[in-house]
There are 2 protein chains.
Amino acid sequence: MATMILPTESEVKSTSFSPQLRMKAGDGVESYARNSVPQADFMSHILPTVYDMIDRVNLPQEGVVVVADLGCASGLNGIRNVDSVIERIRSRFVGTEGPEFLVYFQDLPGCDFNNLFQNLFSSPNSVTAEVPPRPYFAAGVPGSFYGRLFPASSLHFVLSSFALHWLSKIPDAVYDKTSPAYNGEHTDLHLSSISTVDAYAEQAHRNLTSFLAARAAEMAKGGTMLLVFGLREGYYPYRVGPTLELQERIWNELVSEGLVEPELRDSHNNHVYFRTLGEVEKALSGFSSYFTVERRDITPSPLSSSFARSPASSSEEIAQRITSVFTAAGGDLLESHFGELSTRLFLQRYKEALIEGFNNKTLVEDLPNSRKHLVLVLTRK
Amino acid sequence: MATMILPTESEVKSTSFSPQLRMKAGDGVESYARNSVPQADFMSHILPTVYDMIDRVNLPQEGVVVVADLGCASGLNGIRNVDSVIERIRSRFVGTEGPEFLVYFQDLPGCDFNNLFQNLFSSPNSVTAEVPPRPYFAAGVPGSFYGRLFPASSLHFVLSSFALHWLSKIPDAVYDKTSPAYNGEHTDLHLSSISTVDAYAEQAHRNLTSFLAARAAEMAKGGTMLLVFGLREGYYPYRVGPTLELQERIWNELVSEGLVEPELRDSHNNHVYFRTLGEVEKALSGFSSYFTVERRDITPSPLSSSFARSPASSSEEIAQRITSVFTAAGGDLLESHFGELSTRLFLQRYKEALIEGFNNKTLVEDLPNSRKHLVLVLTRK
């Protein structure tokens, strides 16, 4: 496993990121805004469990309380999470004039901020347009959260859900045919060499330490940060469950049938990397003088929780729900690499293979145990 | 003329505005981003003349300096203006660590913020994506600047160019057939009754006082605000020059030829209102305990300055330049009311009528004198 690497000053300041990295824009049938119900449900259950920590955040009694949602995407999920947080914080000031509230909604510049802002100004609870729809000032912040985005010591509560497992870039070595980390023929990591996984781990470590360094600078003393992101069990082999691992088989089939160029498959790699708890702790250990770990819970993934809460009635429904969530989050990235037609073909095949696998029991996934998420609460010392 | 009306609390908090109000999105051939060269040139000449005032803005020596561009639209104009202001402010801190900088780019939620953010991250001066393209944190703020948008006492320098002559709404009475202010048959104000102009003046006064009240709350003590917006000479009749006034004649022709429904023309009114200096001073007088007027210059309009700086070689060129600037700023609003086809027809006819008028000398406009702009610099006491 890679040795610990702290980010350089220029990395923390960097705005570098893959420009194709974005959730499906707009609010159409395939949009992330409409296909992230499991994530929304998950957060609506997680947030109340951290209310006691929100109640202890060190806040100014007047002036402005600043909340940031990092990697908010363009839909209502981020807005709803923030609404819950603000409502909870405001309850501490009932009967007093109290501070004002400012919320930063942050995502990469390619995010559909237009849609986000439309959502901000439409509210089912708003009786008339004359009434401000939300009790806070709102701003959108384009940029990479792996660099500095906000003034020093300015943030009181930071939230980031389902975003930190997206790497800012695929490590160069993974594309380098002369490197032991070269990952040609693989589109994912479960069959990859340990060198490939090491290269990913190193990039993931750089990203997480850059993130923590930037937030250490930006958070006010006593401020609190809630981070939710994907986690895997063991370091090697890299396993995240058979339904995700099935995808590489589909790409290989499309290549062997001559429908997708082998070079395209070889040059595709996954932007998502689920860390192990050990990797997260290694990154955190470099920031022990900045952050106190208040909570570190491992939970089943949003998809798993979603099926536990509202079970699917058929293999078709399971397959549809898995495919929809995957398409909304990763579809644009696939399209930018493979093109629209190949991506459609892949998604169709993927869904069919899921249905077939569930029907004939060759695909058995213990979802609650195969993929996890980490719920991490940090306080700025 | 209407009596002085101060905004109510709910008006200052209000986020109400006409949803169609926006400049042409994107960066296509008709976009505001590409058809606002006169405005950009104008500001590039105005800004250096206020550098002495920027040098005197009361700024924190550490922490964060906050700049807001109100009504920034989606192109590079606003970004370039802000870049100039920030560069000037930063020169005060050369050789010291100094404060950090945060810039709010504000416009209505319908503004193309996606395009604005793309522009923010593309810079001809940026050698590599690893270098942050701009020396400030940037955030987009969707909302109406006629209401509160920012935390109290948080803004050090506020800039708003070519935005304050856009009213938040057309006064209701102007649409009311039973009102003396009813403006049916007119699409502009130069032939309207004094009651119509009074109704507009009242709305414009409400808007300007709401704007000043919101900024009085948001600006830090010693902060400075530069406002540039359209101005007319006399109160009544409302005159802004023959090239603009020609537009009403074109709509009437289209109606009389049966190409546009008379009801559509009757229900169309101009969102732009050029105040008189007297109207501006009346609004300012209500805020004398909040703002010092540092400068109050009347200048020719951006279009006029543009022709003075780079003269047109033919009637066709004059007509094209006038039509392009008008289309970029007002085209979307016309389309949302008249539909795309009628708007195209109107713009074509307008351009032809301009050419004909210039060629046969029936259209003679003393541009430097017919339309003015006000350059107003206020300091928060």
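Considering the conditions (1) over 30 Å from A:L227 (Cα atoms); (2) in contact with a His (Cβ under 7 Å, 6 or more places away or on another chain), A:S313 is excluded by exactly one of them, (2). Here B:S168 does not qualify as touching a strand residue (DSSP E or B) at 6+ places or on another chain (Cβ under 6 Å) and at pLDDT below 95. Being over 25 Å from A:S301 (Cα atoms), within 14 Å of chain B (Cβ to nearest Cβ) and out of contact with any Phe, Trp or Tyr (no Cβ under 9 Å at 6 or more places or on another chain) is a description that does not apply to A:A139. The residue that is most open to solvent (accessible area, probe 1.4 Å), among those in region A:56-76 that are farther than 18 Å from A:Y136 by Cβ and modelled with pLDDT of 90 or more, is A:R56.
Evaluating B:S153 against the criteria (1) open to solvent by 20 Å² or more (accessible area, probe 1.4 Å); (2) within 12 Å of another protein chain (Cβ to nearest Cβ); (3) in a helix (DSSP H, G or I) leaves one unmet condition, (3).
Restricting region A:248-285 to residues that are open to solvent by 50 Å² or more (accessible area, probe 1.4 Å) and of a type in the set (D, E) leaves a set whose member that is nearest to A:L191 (Cα to Cα) is A:E253.
The residue that is farthest from the other protein chains (Cβ to nearest Cβ), among those in region B:17-52 that are modelled with pLDDT under 65 and open to solvent by 30 Å² or more (accessible area, probe 1.4 Å), is B:Q20.
Here's the yes/no breakdown for (1) in a strand (DSSP E or B); (2) surrounded by fewer than 19 Cβ atoms within 10 Å (Cβ to Cβ):
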residue: A:D297; (1), (2): yes, yes
residue: A:S305; (1), (2): no, no
residue: A:Q320; (1), (2): no, yes
residue: A:H337; (1), (2): no, yes
residue: A:L341; (1), (2): no, yes
residue: A:L354; (1), (2): no, no
residue: A:T362; (1), (2): no, yes
residue: A:P368; (1), (2): no, yes
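Here A:A201 meets the list (1) open to solvent by 40 Å² or more (accessible area, probe 1.4 Å); (2) part of a helix (DSSP H, G or I); (3) at pLDDT 95 or above almost entirely, failing just condition (1).
Condition check ((1) at pLDDT 95 or above; (2) among the aliphatic types (A, V, I, L, M); (3) over 18 Å from the mean Cα position of the chain (by Cα)) across all residues:
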| position | (1), (2), (3) |
| --- | --- |
| B:G286 | yes, no, yes |
| B:S314 | no, no, yes |
| B:F346 | yes, no, yes |
| B:K372 | no, no, no |
| B:L376 | yes, yes, no |
| B:T379 | yes, no, yes |
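Looking across region A:174-195, the residues that are open to solvent by 80 Å² or more (accessible area, probe 1.4 Å) and in contact with an Asp or Glu (Cβ under 8 Å, 6 or more places away or on another chain) come down to A:E185, A:L191. Under the condition of being within 14 Å of chain A (Cβ to nearest Cβ) and either touching a strand residue (DSSP E or B) at 6+ places or on another chain (Cβ under 8 Å) or among the hydroxyl-bearing types (S, T, Y) (or both), the residues counted in region B:61-76 number 11. Here region A:136-146 is the region considered, the condition is being in a loop (DSSP other than H, G, I, E, B) and open to solvent by 10 Å² or more (accessible area, probe 1.4 Å), and the residue that is nearest to A:S44 (Cα to Cα) is A:Y136.
Matching residues to (1) more than 9 Å from every other protein chain (Cβ to nearest Cβ); (2) open to solvent by 20 Å² or more (accessible area, probe 1.4 Å):
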| site | (1), (2) |
| --- | --- |
| B:G78 | yes, no |
| B:V85 | yes, no |
| B:S91 | yes, yes |
| B:T96 | yes, yes |
| B:E100 | no, yes |
| B:R148 | no, yes |
| B:F157 | yes, no |
| B:I170 | yes, no |
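Looking across region A:102-155, the residues that are farther than 18 Å from B:G140 by Cβ, more than 20 Å from the chain's Cα centre (by Cα) and at pLDDT 90 or above come down to A:P135, A:A152, A:S153.
The values are calculated or read from the model by the stated rules, or taken from the named source; none is laboratory data. What you see is a predicted model, and the numbers here were worked out from it, not measured in a lab. So basically every Cβ, Gly included, is an ideal-geometry build from the backbone, and we count neighbours across all protein chains shown. Heads up: the accessible areas ignore ligands, DNA and RNA and are worked out on the full protein's heavy atoms, side chains in. Shrake-Rupley method; radii C 1.70, N 1.55, O 1.52, S 1.80 Å.
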